[in-house]
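Note sheet for the following structure.
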Amino acid sequence: MKKIIVTGCNGQLGRAINEIYSSDNAYECINTDVAELDITNIEAVNAFVGEIKPYAIINCAAHTNVNGCETDVDNAYKINAIGPRNLSIAATRNRAKLMHISTDYVFDGTAENPYTEFDTPNPKAVYGITKLAGENFVKEFAKEHFIIRTAWLYGDGKNFVKTMLGLADHHETVTVVGDQFGSPTSASELAKAIAYLLPTDNFGIFHGTCEGATNWADFTREIYRLAGKKTTVQTVTTQEYNQSASGVIAPRPAYSVLDNYMLRLTSDYRFADWEAAIAEYIKGL
C-alpha cells in the first residue's frame, strides 16, 4: 500500500482528499496538521518524512486568512513559503512526489480573460506574495512536483457558502460584492483532480477550478435559489464594502478566473461546471 502524507488534513481540501482515498485500497493517507507536524521546521519535516517514506506528499496546509496575512507577515512566509520548501526538500530526499496547492491570488486580477498557467504572476496581497514564494520553492527543490492553483474553495468546513446560508437564517437582505469575478470550486472536485494527477508523471503547474465564472453576489443568489432561501442579495462594489468594514483589508483580485489550460493540453480530465458542483454540494448539506 502506497503511503500519502496529507498536511492540513483538517481543512476542507484535506477532508475531501481523505474521502476520495477512503475507498481506494492502493493508498493510505497519513494525516497531519500542525499538532502532528510543524511544516515550518525543517528538522521535524525531514525526520517525519524519512520515517514514513511516502509515495507522495499532498500539501494542503496554508495560512489562508487573507486579511490576517497583511499583519502576520512572518507567519504567512513561514507557512506559505518555508513550509512548502521544507516539504520539497524532504520529498526529494525520499524520492516522493509533491502535490502542492496554490491560489488565484498569485495574479493581480487586472486581466480581462481567464488566466492560464503561462501568464506571469503579479500578486498584490501578502497572501498571494507568500503563496507565490512557496510555488517557487517547490519548483526549485521538489524534483517531482505538481502545483495546482485553485480558487473560491468550499467543502466540509467553514466557507463562504455556509456563511451566506447562516446569514440568510437571520437577515432578509444581505450585502455582497458584485465586482469580483472567479470560479467557485468544490473541494470534492479538486480532490478528484489531485487523485487523477498524482499517479502520473505529468508534472508542473496546473490550474484547478470548476468550469465557468461568476461574481460573489450572483454566486450567493444561486446558493439561495438552490437552498430555497428568500433572502434578497444587495450588490455593492468592493470599495463600498471595504468602507463599511473594520480592520486591515487585503487587496482582492477583481478578476481571478483561472483557465484549466494545462489539464486540457495534457490530459482528458475536466472539472464539473461550477453550477453543477454547487448544486451537488447544497443537496448534500
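What is the residue count in region 1-55 for residues that are of a type in the set (A, V, I, L, M), more than 17 Å from residue 89 (Cβ to Cβ) and in a strand (DSSP E or B)?
Counting residues in region 1-55 that are of a type in the set (A, V, I, L, M), more than 17 Å from residue 89 (Cβ to Cβ) and in a strand (DSSP E or B) gives 3.
Which of the residues belonging to region 48-69 are in contact with a helix residue (DSSP H, G or I) (Cβ under 9 Å, 6 or more places away or on another chain) and open to solvent by 40 Å² or more (accessible area, probe 1.4 Å)?
Hits for region 48-69 are 48, 64, 65, 67.
Which of the residues that make up region 200-229 are touching a residue at least 24 places away in the same chain (Cβ under 8 Å) and of a type in the set (D, E, K, R)?
201, 211, 218, 222, 229 - these are the residues of region 200-229 that are touching a residue at least 24 places away in the same chain (Cβ under 8 Å) and of a type in the set (D, E, K, R).
Given the criterion surrounded by fewer than 17 Cβ atoms within 10 Å (Cβ to Cβ), assigned to a helix (DSSP H, G or I) and not hydroxyl-bearing (Ser, Thr, Tyr), identify the matching residue among 119, 74.
The conditions single out 74.
Name every residue in region 21-58 that is touching a Ser or Thr at 6+ places or on another chain (Cβ under 9 Å) and under 16 Å from residue 97 (Cβ atoms), in order of residue number.
The answer is 29, 57, 58.
Identify, please: which residue in region 137-166 is in a helix (DSSP H, G or I) and open to solvent by less than 60 Å² (accessible area, probe 1.4 Å) and is, among those, nearest to residue 202 (Cα to Cα)?
If we take residues in region 137-166 being in a helix (DSSP H, G or I) and open to solvent by less than 60 Å² (accessible area, probe 1.4 Å), then 138 is nearest to residue 202 (Cα to Cα).
Can we say residue 130 is open to solvent by less than 10 Å² (accessible area, probe 1.4 Å), more than 24 Å from residue 214 (Cα to Cα), in contact with a helix residue (DSSP H, G or I) (Cβ under 7 Å, 6 or more places away or on another chain) and hydroxyl-bearing (Ser, Thr, Tyr)?
yes
Go over the candidates 16, 44 one by one and state the one that is among the aliphatic types (A, V, I, L, M) and crowded, with 19+ Cβ neighbours inside 10 Å.
So the residue among 16, 44 that is among the aliphatic types (A, V, I, L, M) and crowded, with 19+ Cβ neighbours inside 10 Å is 16.
Can you tell me how many residues in region 65-82 are out of contact with any Cys (no Cβ under 7 Å at 6 or more places or on another chain) and either more than 20 Å from residue 250 (Cβ to Cβ) or hydrophobic (A, V, I, L, M, F, W, C) (or both)?
6
Of everything in region 245-264 that's in contact (Cβ under 8 Å) with a residue 60 or more places away in the chain and part of a helix (DSSP H, G or I), which residue is surrounded by the fewest Cβ atoms within 10 Å (Cβ to Cβ)?
Ranking the candidates gives 261 first.
Return only the number of the condition from (1) over 19 Å from the mean Cα position of the chain (by Cα); (2) open to solvent by 30 Å² or more (accessible area, probe 1.4 Å) that residue 267 does not satisfy.
Checking residue 267 against (1) over 19 Å from the mean Cα position of the chain (by Cα); (2) open to solvent by 30 Å² or more (accessible area, probe 1.4 Å), the one that fails is (2).
Mind counting the residues in region 1-37 that are out of contact with any helix residue (DSSP H, G or I) (no Cβ under 6 Å at 6 or more places or on another chain) and under 24 Å from residue 284 (Cα atoms)?
Selection size over region 1-37: 11.
Since residue 239 meets every condition but one in (1) open to solvent by 80 Å² or more (accessible area, probe 1.4 Å); (2) within 18 Å of the chain's Cα centre (by Cα); (3) closer than 30 Å to residue 73 by Cα, which condition does it not meet?
So the condition that residue 239 fails would be (2).
So residue 223 passes all but one of these: (1) open to solvent by 40 Å² or more (accessible area, probe 1.4 Å); (2) modelled with pLDDT of 95 or more; (3) not in a loop (DSSP other than H, G, I, E, B). Which condition number does it fail?
(1)
The values are calculated or read from the model by the stated rules, or taken from the named source; none is laboratory data. In this text, all values refer to a predicted model and were calculated from it rather than measured experimentally. In this analysis, Cβ positions are derived from the backbone assuming ideal geometry, glycine residues included, and neighbour counts consider all displayed protein chains. Keep in mind that these areas ignore ligands, DNA and RNA; they rest on the heavy atoms of the full protein, side chains included. Shrake-Rupley method; radii C 1.70, N 1.55, O 1.52, S 1.80 Å.
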